[in-house]
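Notes for the one structure printed next.
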Amino acid sequence: MPFFLTTWKIHNAFHVQLLKPYRDPNTVFTGHQPSPPPPPVLVHDEPEYEVESVVAHRCRRNGTLELLIRWKGYDHSEDRW
């Protein structure tokens, strides 16, 4: 536990009535239809998707570099390594 929390004399236990269920801010509201993601572009009859950004990177034990990709027009839940 961080030092400052021990000096503030607060507890890490809460009464159940103080808790609320988590609501993901990216969830769809009732009655709201999200716009569908854009269709892939066909290049030589193969679907290709546009990259919006590289969100993160990591290096595997075997030295392989992996990138976490955010696809243009898609939700963050669709990000892929």
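Remarks
- Check on I10, of a type in the set (V, I, T) and at pLDDT below 90: yes
- Being surrounded by fewer than 10 Cβ atoms within 10 Å (Cβ to Cβ) and either touching an Asp or Glu at 6+ places or on another chain (Cβ under 6 Å) or modelled with pLDDT of 90 or more (or both) holds for only one residue in L68, L42, and it is L42.
- Whichever residue in the range 45-56 is among the acidic types (D, E) and more than 14 Å from D75 (Cα to Cα) and, among such residues, is surrounded by the most Cβ atoms within 10 Å (Cβ to Cβ): E48
The values are calculated or read from the model by the stated rules, or taken from the named source; none is laboratory data. Please read all numbers here as calculations on a predicted model, not as lab measurements. We place every Cβ from the backbone using ideal geometry, glycine too, and count neighbours over all the protein chains shown.
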